[in-house]
Amino acid sequence: MSSIAANLETILSSGIRLAAPLAFAACGEYVAERAGTLNVSVEAMMLGAAFGAIAVAGLTGSATAGLLAGVPLGTVVGLAHGTLAHRWHINTFVAGLVLNALVLGLTSYLLTVGELGRHQVAQVSVPVLRDLPVLGTPLFTERWPVYLLLPLLPLTWWLVERSRWGLELRAAGENPQAADMTGIRVNLRRRQALLWCGALAGLGGAYLAVGEVGSFNQNMTAGRGYLVIAAVIFGGWRLGRTLAGCALFGLADALRLALPALGYTVNSQLLISAPYLLALLAMLLFTTRQRRPAALAQPFRRPS
Amino acid sequence: MTRTEPWLPAATTAAALALSALLITATGGSPTAALQALIQGSLGDPTAISQTLLYAAPLLLVAVGTCCSTRSGAFNIGQEGQVLIGALAGATAGLRLAAPEPALPLVVLLAAALAAGTWAWLSALMHRLRGVDIAVSTLLTTFLAQQAVAYAVTTPWLLQESRLGAAAALPQSNTLPPAALLGSLGDHPALQLNLGLAVALAAALLAAVTLDRTRWGLRLTMTGLNPAAAQHAGVPVAAVNAAALATSGALAGMAGAVLLTSPLSTNRLQPDLSINIGWDGLLVALIARNRPLLTIPVAALFAALRAGGSFLAATGVPPYLVDVVKALLTLALVAGRWSHE
């Protein structure tokens, strides 16, 4: 075990790197699900934004501009999903899956047309704090967009749990009929939640591209959107536990990459499956106690 | 209930195709050349038609199953994983079971159906016991299925026993014995038709008759339309849901076995064997409004796009265009139907 201890800093660092894009998107997915939309298109939001980030960074020559471009791109996918699911009443899973297929096809197609190149934002290292033992380097030497999580996490929590908007949003997710009777526009709130989800998932995807990887590869999100959904389920629709889930999944991924290099034989299939298994187990064990939004994935239509 | 403007699907489809053409033009390709390639690659000659029909069989199987589960109100989105589980069970049966040779293809198909049906049924069980949402659990189990297949083909003792040593790292199983492969239907000069298509068409007909003409079908449809009323009328709602979901999984599993044993694949189990047939089959059922007979033309269209896609590269248009066209077509046909509800 000595080699794991010796490499703990490296493993934690890569764990945080792998968890950060999930954390951004999970912040968004959490809001969408609290409003009652099980948003499968989070994968499309991340992938489209990742592509857009590298493309915009190439056009403007600024990786930061690329990162910011991810926000409106993710929001556009959220807008499309909201229109399909809440205006046209297409099954929300179907809307999400079709959008995932569309964005995957579109980005793969455009990738073959032109060169995108490499673009990456700068790494920052916080003086003094980075010298802390074990946690110093992983927490305080990162690409700077990671630290956007610091304001975004409390903001998301406050919006959902403490603001009036969040109250109406949660009502839309718990009991849309009652919410409608009190004058809340259920489907409008759900669409707005999807926009927030798109903005943050877009930021997560863009961060993945211009923050960690520095380039765009075909299907580079590779199911991370589904992992985000698993994290929200694993977290029992609570923001704190959802983020703990993201950290856990990131760490499992880091171990999958690190352990073989350290000479340990691990079953990589089991480690890849772990998040999905954990999410299923969490649902099986805690469904009755869990605060699952009561109207999650149920469409709402005003009785006319 | 549904008011459909007859011109709307046509208009939205035209818009989707125009958007695709615009995309080709904007990226320096020729839409007419691309269209010609798609038609040539899917219908141009007997080989192309064979390709289309070979793709149509597994798509149709997945779609017909999806019709059953969706109509019962159990929303299955794990077909991609069920296809893989079917292929895994089919490969295991084909490589390990000492069945008499003429029965081997049937054994492969049945093993696939049984395994994937049980796999899907587990989601119904989780729903029954703990209220776990079926759509969520079928989605999550898809990723477990992918890893199960990856594990099976990278582990020497499971499906690779004869290739120990340097070759054992190759992520694929041994080749299935020729006796396990689906036989072709008669001797056609160039047309490759196999049993898969016959099985799929039979499944579509059977499902259409069962769903629309039998007491079983009525109970299933009642369950989907209004579970509370169905329960009140004495329909065992949970059992109907479970049966419909298991049927859907079993048909998706058979699609996996058909993929594994048809000339479309190398007849080895590989992690990417399912090539999105499960996701596409779901879209086919969606466009066909969960009517088994309507899935036949829609599956043929999706199969033609797949077969034609391989011809696109020659015109300089990336074959990924086919995925864009499929998604846009689905959106067009679905949006065209629902926007005036």
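When B:Ala103, B:Ala115 are checked against the criterion of being under 17 Å from the mean Cα position of the chain (by Cα) and among the small types (Gly, Ala, Ser), a single residue qualifies: B:Ala115. B:Tyr320 meets all of the listed conditions (1) open to solvent by 50 Å² or more (accessible area, probe 1.4 Å); (2) more than 10 Å from chain A (Cβ to nearest Cβ) but one, namely (2). Taken across the range A:134-153, residues that are within 17 Å of the chain's Cα centre (by Cα), surrounded by fewer than 16 Cβ atoms within 10 Å (Cβ to Cβ) and not hydrophobic (A, V, I, L, M, F, W, C) do occur, with at least one present. Checked against the criterion of being open to solvent by less than 10 Å² (accessible area, probe 1.4 Å), under 13 Å from the mean Cα position of the chain (by Cα), away from every other protein chain (no Cβ under 14 Å) and over 29 Å from A:Ser3 (Cα atoms), the range A:241-250 contains one or more residues that satisfy it. Would the range B:140-147 turn up any residue that is at the interface with another protein chain (Cβ under 10 Å from one of its Cβ atoms), open to solvent by 40 Å² or more (accessible area, probe 1.4 Å), out of contact with any Pro (no Cβ under 8 Å at 6 or more places or on another chain) and closer than 25 Å to A:Arg224 by Cβ? No: the range B:140-147 contains no residue that is at the interface with another protein chain (Cβ under 10 Å from one of its Cβ atoms), open to solvent by 40 Å² or more (accessible area, probe 1.4 Å), out of contact with any Pro (no Cβ under 8 Å at 6 or more places or on another chain) and closer than 25 Å to A:Arg224 by Cβ. If you check A:Ala261, A:Ala254, A:Ala230 for being over 15 Å from the mean Cα position of the chain (by Cα) and either aromatic (Phe, Trp, Tyr) or open to solvent by less than 20 Å² (accessible area, probe 1.4 Å) (or both), only one passes: A:Ala254. Of all residues in the range B:74-103, those that are touching a helix residue (DSSP H, G or I) at 6+ places or on another chain (Cβ under 6 Å), open to solvent by 10 Å² or more (accessible area, probe 1.4 Å), at pLDDT 90 or above and more than 14 Å from every other protein chain (Cβ to nearest Cβ) total 1.
Within the range B:107-136, being in contact with a helix residue (DSSP H, G or I) (Cβ under 6 Å, 6 or more places away or on another chain), touching a residue at least 40 places away in the same chain (Cβ under 8 Å), within 14 Å of chain A (Cβ to nearest Cβ) and open to solvent by 20 Å² or more (accessible area, probe 1.4 Å) holds for B:Trp119, B:His127, B:Arg128. Consider B:Ala150 carefully, then state whether it is in a helix (DSSP H, G or I), in contact with a Ser or Thr (Cβ under 9 Å, 6 or more places away or on another chain), modelled with pLDDT of 95 or more and crowded, with 19+ Cβ neighbours inside 10 Å. Spelling it out, it is not the case that B:Ala150 is in a helix (DSSP H, G or I), in contact with a Ser or Thr (Cβ under 9 Å, 6 or more places away or on another chain), modelled with pLDDT of 95 or more and crowded, with 19+ Cβ neighbours inside 10 Å.
Scanning the range A:56-82 for residues being under 14 Å from A:Leu195 (Cα atoms) and in contact (Cβ under 8 Å) with a residue 60 or more places away in the chain gives a total of 12.
Please indicate, with yes or no, whether at least one residue in the range A:144-151 is touching a Phe, Trp or Tyr at 6+ places or on another chain (Cβ under 6 Å) and more than 25 Å from A:Thr83 (Cβ to Cβ). Yes, because at least one residue in the range A:144-151 is touching a Phe, Trp or Tyr at 6+ places or on another chain (Cβ under 6 Å) and more than 25 Å from A:Thr83 (Cβ to Cβ). Exactly one residue among B:Leu251, B:Leu293 is crowded, with 24+ Cβ neighbours inside 10 Å and at pLDDT 90 or above, and that residue is B:Leu251.
Count of the range B:211-224 residues, restricted to those that are in a helix (DSSP H, G or I) and without any contact (Cβ under 8 Å) to a residue 40 or more places away in the chain, is 8. Considering the conditions (1) surrounded by fewer than 24 Cβ atoms within 10 Å (Cβ to Cβ); (2) closer than 30 Å to B:Thr92 by Cβ; (3) hydrophobic (A, V, I, L, M, F, W, C), B:Ala238 is excluded by exactly one of them, (2). What about A:His119, is it over 18 Å from the mean Cα position of the chain (by Cα), surrounded by 16 or more Cβ atoms within 10 Å (Cβ to Cβ) and at positive phi? When the stated conditions are applied, A:His119 does not pass them.
The values are calculated or read from the model by the stated rules, or taken from the named source; none is laboratory data. Since the model is a prediction, treat every value here as computed from it, not as a measurement. Note that we place each Cβ from the backbone using ideal geometry, even for glycine, and neighbour counts take in every protein chain shown. Note: accessible area is taken over every heavy atom of the protein model, side chains too, but ligands, DNA and RNA are not part of it. Shrake-Rupley method; radii C 1.70, N 1.55, O 1.52, S 1.80 Å.
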